[in-house]
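Below is one structure, written out as structure tokens; the observations come after it.
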Amino acid sequence: MATGADVRDILELGGPEGDAASGTISKKDIINPDKKKSKKSSETLTFKRPEGMHREVYALLYSDKKDAPPLLPSDTGQGYRTVKAKLGSKKVRPWKWMPFTNPARKDGAMFFHWRRAAEEGKDYPFARFNKTVQVPVYSEQEYQLYLHDDAWTKAETDHLFDLSRRFDLRFVVIHDRYDHQQFKKRSVEDLKERYYHICAKLANVRAVPGTDLKIPVFDAGHERRRKEQLERLYNRTPEQVAEEEYLLQELRKIEARKKEREKRSQDLQKLITAADTTAEQRRTERKAPKKKLPQKKEAEKPAVPETAGIKFPDFKSAGVTLRSQRMKLPSSVGQKKIKALEQMLLELGVELSPTPTEELVHMFNELRSDLVLLYELKQACANCEYELQMLRHRHEALARAGVLGGPTTPASGSAPAPAEPAVSEPGLGSDLSKDTIIDVVGAPLTPNSRKRRESASSSSSVKKAKKP
């Protein structure tokens, strides 16, 4: 007869505690036998994440089955390992040591290699890579009618075409293997010219009327000039290379100075146009009646360049603002201009921060815009005067050295240039520096010349502004 232990074994209810330990079976054990198991499994499979460990790192430590990570590296059958070859149940195809011939060879040489038995008797598979050039063949009659040339004999032409077939139009090799003892010595260009001339003649003669021909053309003269130039380039001395690099650098400098002068002339033209436009606008405002002044402003608003004067920000759509903000200089005005503007205002006796009424704000902004425009015009004028003086000195120096013909005549109305000693320097006429000869269109730029020019122009403009 089955005991309680046997029943517990069958129902998998074993355990040392509770009713199981006493050997009695309760009603709950029979109705719900897996409850205790699930509780035990849930209790044993829950792991707590250690403190300080991120959730992502903790998730990497366990698999989907929530197995505990190994304490030591283990070698399993899965992962990045070399998989053993899976041999199928098919029979192995037999290989055979068999002879073969290469169709690319004309000597009928016999070779041996391993090959599958099913491919016995087939052509050599690598023979399809043997590409040959189709060299035209001419007859005796065609040569006498179309290809005859006094500078070439028929035997020499036949020799050239035979070498062309043997070496696949590699004309450097053909020139090396050419029989220069029996025939006249020819260059590579001569051989190419003769070959392509015959090909073009034969193509024209044998062409069907009405077909579009692609006739090869070879310019021997151009090829000779190209090789001659290449040889000259290769045979240059280090002094010639250095001189060429120097000339290229000077050319870049001249082009850069030319672009800079063009840009300065455009900026100067914009300033002059802006000054003329501002003066015309002021005259129109004075003549117009005061009542129609707002309509006139809106209707006839001149197109003033953005670089002229100061462009103050517009606060019409900015909501509630202080009127004093309209007198604030924009960030586009540099510190140099701001200092010069303050100096001009102090010289004129104008406050730097007047009471911001509507009329004062408008007039103060216009005054500062005109002062900045005046400052830019004076600076541009000083730069032009400086460049004109430098060019005049260079012109006189070149004329004195004999580079330019004719006496030097200074421009009318300009200050005479300072007298220089008449004693000529040794080698000035013949060994004139390259800078002086090349840079005729502009003054030589030294590292500090630009800074000196800018400082001189700014100081001269400030001094002129200080004058009453």
Inset, instruction - Scan segment 350-392 for residues that are over 43 Å from the mean Cα position of the chain (by Cα) and either open to solvent by less than 40 Å² (accessible area, probe 1.4 Å) or farther than 19 Å from Leu329 by Cα (or both) and jot them down. - result: Pro354, Val361, Phe364, Asn365, Arg368, Leu371
Legend entry - Number of the condition not met by Pro209 [criteria: (1) assigned by the TED database to the domain that holds Val188; (2) surrounded by 12 or more Cβ atoms within 10 Å (Cβ to Cβ)]: (2)
Legend entry - Which listed residue is of a type in the set (A, V, I, L, M) and touching an Asp or Glu at 6+ places or on another chain (Cβ under 8 Å), from Val205, Val172, Val188: Val205
Inset, instruction - Could you grab the pairs with beta carbons closer than 6 Å, sequence gap of 6+ or different chains, first residue in segment 146-173 and assigned to a loop (DSSP other than H, G, I, E, B), second one open to solvent by 10 Å² or more (accessible area, probe 1.4 Å)? - result: Phe167/Val173; Asp168/Val133; Leu169/Val133
Inset, instruction - Could you look through segment 251-283, keep only residues that are among the β-branched types (Val, Ile, Thr) and either modelled with pLDDT of 75 or more or within 31 Å of the chain's Cα centre (by Cα) (or both), and pick out the one that is farthest from Leu371 (Cα to Cα)? - result: Ile254
Inset, instruction - Consider Asp190 carefully, then state whether it is open to solvent by 80 Å² or more (accessible area, probe 1.4 Å), assigned to a helix (DSSP H, G or I) and at pLDDT 90 or above. - result: no
Legend entry - Near pairs, Cβ below 6 angstrom, 6+ apart or cross-chain, from segment 326-346 (more than 13 Å from Phe312 (Cβ to Cβ)) to any residue that is aromatic (Phe, Trp, Tyr) and open to solvent by less than 80 Å² (accessible area, probe 1.4 Å): Ala340/Tyr375
Inset, instruction - Scan Gln141, Gln181 and give me the residue that is of a type outside the set (Asp, Glu) and in a helix (DSSP H, G or I). - result: Gln141
Inset, instruction - Could you please find all residues in segment 108-138 being open to solvent by 100 Å² or more (accessible area, probe 1.4 Å) and within 30 Å of Leu160 (Cβ to Cβ)? - result: Arg128, Phe129, Lys131, Gln134
Inset, instruction - Please state which one of Val188, Val208, Val217, Val172 is more than 16 Å from Val137 (Cα to Cα) and in contact with a His (Cβ under 6 Å, 6 or more places away or on another chain). - result: Val188
Legend entry - Subset of segment 217-226 [under 23 Å from Glu156 (Cα atoms) and surrounded by fewer than 11 Cβ atoms within 10 Å (Cβ to Cβ)]: Val217, Gly221
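The values are calculated or read from the model by the stated rules, or taken from the named source; none is laboratory data. Treat the numbers as computed from the prediction; the structure is a model and nothing was measured. Reconstructed Cβ throughout: ideal geometry from the backbone, glycine too, with neighbour counts over all protein chains shown. Ligands, DNA and RNA are stripped out before the accessible areas are found, and what is left, the full protein with its side chains, is counted by its heavy atoms. Shrake-Rupley method; radii C 1.70, N 1.55, O 1.52, S 1.80 Å.
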